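Worksheet: the structure to be examined is printed underneath.
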Amino acid sequence: MENKLTKRTWLNIIIFSLMGGVAWNLENMYFNTFLYGSIYEGVSAEALAGVMAPTTAISRMVALSAVTAVVTTFIMGTLSEKMKKRKVFISIGYIIWGITTAAFGLISRENIAAVFGLSDEVKILLFSVWAVIIMDMVMTFMGSTSNDSAFNAWVTDVTNPIVRPQVETVLMFVGFFAMIAVMGVGSLAQAGVVTYKAFFLGLGIVVTLCGVGGLFTLEEPQIKGEKTNSNYWSDLFYGFRPSVVAKNSRLYLALAAVCIYNIAVQVFFPYLFVYLEKVILPGIVFDVKTIVVAVVAVAALVAGIVVLLKVANKNKLKAYIPTIILFIIGLAILSTSTSIVVVLIGIAPTLIGYVVLQIQLSASVRDFIPEDKVGLFQGIRMIFSVLIPMVVGPWIGDIACRTSNLTIIEYGVEKLVPSTSMFLFAAIVAVFVLVPIAILAKKGVFKKAD
């Protein structure tokens with residue numbers, strides 16, 4: 001494999017990661033705020049008491065979405081590996097993924113009441129909450145088929161250890177751009193400038209168009225290994241075999257680090273935008289002090305990311321340790337106050353750790369996956385990066401929020417909102433990322449960049 005990617009390959013990496021980022025960020029950030037701010041908006045205290053707390057609903061939605069993602073990736077990742085095909089799974093998957101995203105905007109308490117003939121407010125709220133959760137699972141199925149299973153395997157197929165850090169860096173920054181783009185449009189939906197229906201419809205259409213374009217631009221990669229007559233069900237559980245785990249110990253240690261890191265992220269991330277909207281934004285005062293701190297924080301963020309990525313290219317271990325420490329320190333700072341100045345100070349080390357760790361860990365996992373078994377390990381990757389973190393993390397976050405018991409009054413009803421304690425719980429979890437990294441260091445895999 002050549003050490004330079006073609007312009008066409010780069011274009012597809014950027015476009016499909018961008019549109020995938022749009023769809024996933026839409027789900028991860030705004031399905032939660034849609035559930036909290038639209039489905040629960042204006043409900044009575046009796047209806048709220050008869051269903052479940054909004055943070056609990058968010059936790060259950062994230063957990064069930066994670067289960068769906070992992071099961072889907074196992075089934076479809078193994079199927080794509082057995083067929084030695086990626087393009088059809090990516091393109092057709094993105095087309096349907098966009099359609100299901102657009103359809104999400106049709107969910108409302110009024111529509112649910114009309115469809116099921118309901119008049120009782122408790123039942124309407126209950127059915128509406130579960131309609132959002134189930135629709136999220138449907139969208140996740142399509143996203144995991146096209147993005148988690150096929151596109152991630154395709155990226156591994158067309159790259160090698162020399163170019164992967166560069167590719168992972170691009171994927172990370174494209175992901176941030178997608179997040180910012182979704183936040184920009186989503187803020188209009190949260191403010192009521194545009195409806196959630198228009199929000200979901202518009203972004204769903206662009207994801208579908210990406211899939212249509214892929215039918216013409218994507219090239220089928222040269223997947224290592226030939227088609228075999230091996231049993232599909234045997235291949236499905238390939239990564240669980242003790243002999244496979246022992247043979248690929250570096251991969252499973254890297255996945256353990258990914259798992260712990262993502263648990264820490266998921267402790268606060270599902271609740272983050274509700275926290276910002278309901279707790280932080282109402283108290284913001286844009287004075288000179290705030291602006292100066294914001295500028296310094298952004299400068300520190302950019303400088304920190306650039307420096308640590310350069311260090312990682314020479315010595316991965318020297319980058320891993322300070323990155324993890326910065327991530328922990330940032331979360332600890334965020335847990336101390338809701339003051340915008342403290343939040344800005346805490347954001348810089350937190351985002352440095354978030355970005356650099358994501359790039360390093362993702363590149364390490366790709367490097368350690370056997371080149372002739374890429375599709376067979378996508379489900380295993382999802383267990384560590386999605387299933388466990390998205391079940392355990394939000395559950396810990398819900399406990400943190402309930403422990404603090406921070407509430408606000410909306411429409412005369414007291415509602416639980418996320419609190420700073422979720423960042424403290426996340427920081428404690430993040431400390432344990434050091435364990436698998438230390439074991440990998442003892443194996444000598446971080447002495448030099450690959």
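The values are calculated or read from the model by the stated rules, or taken from the named source; none is laboratory data. All figures in this text were calculated on a predicted structure; none of them were measured in a lab. Backbone-built Cβ (ideal geometry, glycine too); neighbour counts: all protein chains shown.
A few notes on this one:
- Test: residue in the range 296-305 that is under 17 Å from F269 (Cα atoms) and assigned by TED's automatic domain parsing to the domain that holds P436: no
- Filtered by the rule that a residue be closer than 30 Å to D367 by Cα and surrounded by fewer than 16 Cβ atoms within 10 Å (Cβ to Cβ), the range 258-290 gives no residues.
- Boolean, K316 is free of Cβ contacts under 8 Å to residues at least 40 places away in the same chain and either in contact with a Ser or Thr (Cβ under 7 Å, 6 or more places away or on another chain) or under 21 Å from F173 (Cβ atoms) (or both): no
- Residue list for the range 323-341, filter: assigned to a helix (DSSP H, G or I) and farther than 17 Å from A426 by Cα: I340, V341
- Residue pairs meeting the criteria (Cβ under 7 Å; at least 6 apart or on separate chains; first in the same structural domain as T407 (by TED's automatic domain parsing) and β-branched (V, I, T), in the range 268-290; second part of a helix (DSSP H, G or I) and surrounded by 11 or more Cβ atoms within 10 Å (Cβ to Cβ)): V274/N32; V274/T33; V274/Y36; I280/I340; I280/V343; I284/I340; T290/I340; T290/V341
- Within the range 351-401, the only residue that satisfies the criterion of being more than 26 Å from A63 (Cβ to Cβ), among the basic types (K, R) and in a helix (DSSP H, G or I) is R366.
- Matching entry among T56, T33, T73, T78 (being more than 27 Å from E168 (Cα to Cα) and in contact with a Gly (Cβ under 8 Å, 6 or more places away or on another chain)): T33
- Within the range 73-107, tally of residues that are of a type in the set (S, T, N, Q) and closer than 22 Å to N25 by Cβ: 4
- Condition check for S339: out of contact with any Leu (no Cβ under 7 Å at 6 or more places or on another chain), outside the structural domain of V62 (by TED's automatic domain parsing), hydroxyl-bearing (S, T, Y) and more than 21 Å from F423 (Cβ to Cβ): no
- Where helices (runs of 4 or more DSSP H) sit wholly within the range 1-112, those with at least 3 residues that are more than 28 Å from W395 (Cα to Cα) and not polar (S, T, N, Q) occupy 7-25, 54-83, 87-103.
- Filtering the range 197-224 to residues that are surrounded by 14 or more Cβ atoms within 10 Å (Cβ to Cβ) and either farther than 29 Å from M135 by Cβ or at pLDDT below 80 (or both) leaves T217, P221, I223.
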